[in-house]
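A.B. asks: Please read through the structure below; I'll follow up with questions.
The values are calculated or read from the model by the stated rules, or taken from the named source; none is laboratory data. From a predicted model like this one, the values you see are computed outputs, not experimental measurements. Glycine gets a Cβ as well: all are built from the backbone with ideal geometry, and neighbour counts include every protein chain shown. Protein only, heavy atoms only, side chains kept; ligands, DNA and RNA dropped before computing areas. Shrake-Rupley method; radii C 1.70, N 1.55, O 1.52, S 1.80 Å.
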Amino acid sequence: MKISNSIVRELWTNRPYYLMALPGLLILFAFSYLPYPGIIIAFKNFNPIKGIFGSPWSGLDNFRFFLSNGDFLRITFNTFWINFNQILWGTILAVVFAVLLNEIKNNGMKKWFQSILFLPYFFSFVIVGKLVLLIFKNENGLANEWIEIFHGVPIDWYTSPQYWVKIIASASIWKNVGYSVIIYLAVITSIDEEMMEAASLDGASRVQKIQFILLPNLVPTVIILTLLSIGRIFFGDFALIYAIVENNGLLFSTTDVIDTYIYRALINGGQEYGMITAIGICQSILGFLVVVGSNWAVKRYDKDYSLF
C-alpha cells in the first residue's frame, strides 16, 4: 500500500516530466512490445488466409531450416564483423574528436567543427549511398582518380567484396560519429575544473591531463555506450547497407547481413513468414547472450560500470 502511494505521489509530483515522456513510451510500447504475440509465427507454417491461430504448427522446423542452411554462418559473421568495426573505430574516433574539440579554446571554431562533425547525422541514407557511389564508381570515381594520380591501378570496386566492410563501416562512422562526439564532449565539460587546475599547479602538461584526468573520466561512458551498442551487434544497419550496396550479388560474400537476407527472403520468397520470424528471434537471442556476456565481463572488471 505504501509502495503504491509513493508511486502515485511520484507520478503526480513530477507529472510534467512523465507527460513529456508519454509519447515516446507509447511509441516504444507500440513497436517493441505490442508485436510480441507475433513471435508465435516462428513456430507455425503460417498461411495469411488462415491467420496466426488457424495456421498449423511446425515446431522448430523454421529454426532448423535457417540454422542448417549454408547462409546462417555467412550472414551472421558479416553482421557481427561490420558492426564490430563500426563500434570499435566509431568509439575510438568519437573519443579522439571529443578530446581534440575540447582543446580548441576559440568557441566559434569549436562550434564550427562540432557542426561539421554533426551535419552528416542528418543526411538521409539515400544521400550517403549516392556519395559512396560518387567516390567508388568504376568510371570517373573519385577513389580511382586519386589512385591514378599516384600511378596506381584503378580498382573495380563494385566487383571486389574484400573492400566493402571497411567502406560500409567508414560510411556509418562518418554519418554517426558527430552524435557520439557530443555525448563525450558533454562528459568532458562536466569534469570538475578544480581537478584540471590542481593538475596545472602540479606542473602537468596538456597530454598528461588528457591521459590521467580526461580519459579515465570518459571510461564509464565509453563502457555504457559500448554495452548498449553491443546489444544490436547482430542487427545490421539495413537502410545504410542497402542504400550503399543495393542488390549487388557480387558483394554478398562480405556485405550480406541478416537484415538484408530477411528483406530478400520477403521480396523473393514472399511466403516464408515463419522462417523470417525465426531469424528475427535468433537475432534477439544472440544479441541478448552477447549483452549478458559483455556485462558479466565488465562486472568482473568493475561492477560499478555494469548495466545490471
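A.B. asks: Looking at LEU142, is it at pLDDT 90 or above and more than 25 Å from the chain's Cα centre (by Cα)? Break it down into steps so the answer makes sense when it comes.
C.D. replies: Working: at pLDDT 90 or above: yes; more than 25 Å from the chain's Cα centre (by Cα): yes.
Spelling it out, LEU142 is indeed at pLDDT 90 or above and more than 25 Å from the chain's Cα centre (by Cα).
A.B. asks: Given the options VAL207, VAL181, name the one that is within 14 Å of VAL99 (Cβ to Cβ) and more than 16 Å from the chain's Cα centre (by Cα). Can you show your working first?
C.D. replies: Details: VAL181 fails: more than 16 Å from the chain's Cα centre (by Cα).
It is VAL207.
A.B. asks: Do any residues in the stretch 175-199 that are among the polar types (S, T, N, Q) have Cβ atoms under 8 Å from those of residues that are open to solvent by 80 Å² or more (accessible area, probe 1.4 Å), where the two are at least six apart or on different chains, and which pairs are they?
C.D. replies: ASN176/TYR121
A.B. asks: While we're here: I'd like to check which helices (runs of 4 or more DSSP H) are fully inside the stretch 1-113 and have at least 3 residues that are within 30 Å of THR255 (Cβ to Cβ) and of a type in the set (Ser, Thr, Tyr). Steps first, answer last, please.
C.D. replies: On the way: elements: 2-13, 15-28, 51-54, 61-68, 71-103.
Hits in the stretch 1-113: 71-103.
A.B. asks: For the stretch 258-280, which positions are part of a loop (DSSP other than H, G, I, E, B) and either open to solvent by less than 50 Å² (accessible area, probe 1.4 Å) or under 30 Å from PHE123 (Cα atoms) (or both)?
C.D. replies: Of the residues in the stretch 258-280, the ones part of a loop (DSSP other than H, G, I, E, B) are 270-272.
Passing the criteria: only GLY270.
A.B. asks: Within the stretch 167-206, track down each residue that is among the charged types (D, E, K, R) and open to solvent by 20 Å² or more (accessible area, probe 1.4 Å).
C.D. replies: Kept after step one, since they are among the charged types (D, E, K, R), are these residues of the stretch 167-206: 175, 192-194, 197, 202, 206.
Correct list: ASP192, GLU193, GLU194, GLU197, ASP202, ARG206.
A.B. asks: Right, something else. Looking only at the stretch 235-257, count every residue that is in contact with a Gly (Cβ under 6 Å, 6 or more places away or on another chain) and open to solvent by less than 20 Å² (accessible area, probe 1.4 Å) and tell me the total.
C.D. replies: The qualifying residues number 2.
A.B. asks: So the check is Cβ under 7 Å with 6+ separation or different chains; which pairs have a first residue in the stretch 288-308 that's in contact (Cβ under 8 Å) with a residue 60 or more places away in the chain and closer than 15 Å to VAL222 by Cα and a second one that's in a loop (DSSP other than H, G, I, E, B) and open to solvent by 90 Å² or more (accessible area, probe 1.4 Å)?
C.D. replies: ASN295/PHE308
A.B. asks: While we're looking at this one, here's another question. Is the stretch 134-141 home to any residue that is in contact with a Gly (Cβ under 8 Å, 6 or more places away or on another chain), under 13 Å from ILE244 (Cβ atoms) and either outside any helix (DSSP H, G or I) or open to solvent by 30 Å² or more (accessible area, probe 1.4 Å) (or both)?
C.D. replies: The initial filter retains those residues of the stretch 134-141 that are in contact with a Gly (Cβ under 8 Å, 6 or more places away or on another chain), namely 134-135.
Then keep just the ones that are under 13 Å from ILE244 (Cβ atoms); that gives 134-135.
After this cut, where a residue has to be either outside any helix (DSSP H, G or I) or open to solvent by 30 Å² or more (accessible area, probe 1.4 Å) (or both) as well, the list is 134-135.
Taking every residue of the stretch 134-141 in turn, at least one turns out to be in contact with a Gly (Cβ under 8 Å, 6 or more places away or on another chain), under 13 Å from ILE244 (Cβ atoms) and either outside any helix (DSSP H, G or I) or open to solvent by 30 Å² or more (accessible area, probe 1.4 Å) (or both).
A.B. asks: Tally the residues that are more than 24 Å from LEU60 (Cβ to Cβ), of a type outside the set (Asp, Glu), open to solvent by 50 Å² or more (accessible area, probe 1.4 Å) and over 29 Å from the mean Cα position of the chain (by Cα), restricting the search to the stretch 7-46.
C.D. replies: Of the residues in the stretch 7-46, 8 are more than 24 Å from LEU60 (Cβ to Cβ), of a type outside the set (Asp, Glu), open to solvent by 50 Å² or more (accessible area, probe 1.4 Å) and over 29 Å from the mean Cα position of the chain (by Cα).
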